[in-house]
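To start, the structure itself, in structure tokens.
The values are calculated or read from the model by the stated rules, or taken from the named source; none is laboratory data. Model, not experiment: these values are computed from the prediction. For neighbour counting, all protein chains shown are included, and Cβ atoms are generated from backbone atoms with ideal geometry for every residue, glycine included. Surface accessibility is based on the protein's heavy atoms, side chains included, excluding ligands, DNA and RNA. Shrake-Rupley method; radii C 1.70, N 1.55, O 1.52, S 1.80 Å.
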Amino acid sequence: LELEPQTCQAVLKLSTMKLALIALLLPSALAAVKKTAANAKETAFLEEYATGEGTQVTDSGLMYRVLKDGSGGSPELATPCSCHYEGRTATNYPSGKTFDSSYARGQPTTFAPRQVIAAWTEAMQKMKVGSKWELVCPPEIAYGGRAMGSDIPANSVLVFTMEMLSCQGVSAEL
């Protein structure tokens, strides 16, 4: 098969344009995921989660998906908030063993954004009262190199479901 030079140039130009368009439109998990101390399996989890539908990735490395939008206000750093949550390591995601759960205890917990891990501090100030998010927390904004008991090894990626039920002095409806 022999093609005219103009045909070859047109095909090459079209292929180059398609590749450029694909590069612009596809999210890059590697670019979205910050360097982490997590092991290779959990780093791969972060890379895959970052490209999932609806995933937001912040500059700190926090990843979240809004499961339910709230219609209230957002808390300040020192605002006590009543929340339901459950947490598991990435290796137990999505339905494996939890290491902590207010749902299992049957009672929400109250804390202010400044009283929790950095990932929660950031997420809570972005959330609106009434919302429910799934949070993926690289170790750098969770517990870092510290093991937390036998259920959370050092440098673990943590996945939480967090539901902001109410916050002191913050409207539930805007």
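In table form, for the structure just shown:
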read-out	value
Cα-projected label distance for THR58 with LEU77, points at 7 Å along beta-carbon direction, nm	1.3 nm
Cα gyration tensor category, rounded, prolate or oblate, for segment 37-174 with a/c compared to 1.5	prolate
Projected area averaged over orientations for segment 71-118, convex hull of C-alpha atoms, nm²	4.4 nm²
Estimated FRET transfer efficiency (TYR103, LYS34; beta-carbon r; R0 35 Å; 0.05)	0.75
Accessible area, probe 1.4 Å, largest first, for residues LEU158, LEU77	LEU77, LEU158
Sparse-neighbour loop sites [trypsin sites (Lys or Arg not before Pro); segment 89-145; at most 10 other C-beta within 10 Å; DSSP]	LYS97
Cα gyration tensor of segment 97-174 - equivalent ellipsoid semi-axes, whole Å, descending	24, 14, 10
Contour minus Cα-Cα distance for ASP69 and LYS41 (0.36 nm per residue)	7.0 nm
Phi to ³J(HN,Hα) by Karplus 6.51 cos²θ - 1.76 cosθ + 1.60 over segment 123-129, Hz, x for Gly, Pro	4, 4, 6, 8, 6, 10, 4
GluC sites (Glu not before Pro) restricted to DSSP loop in segment 36-142 with at most 12 other C-beta within 10 Å	GLU53
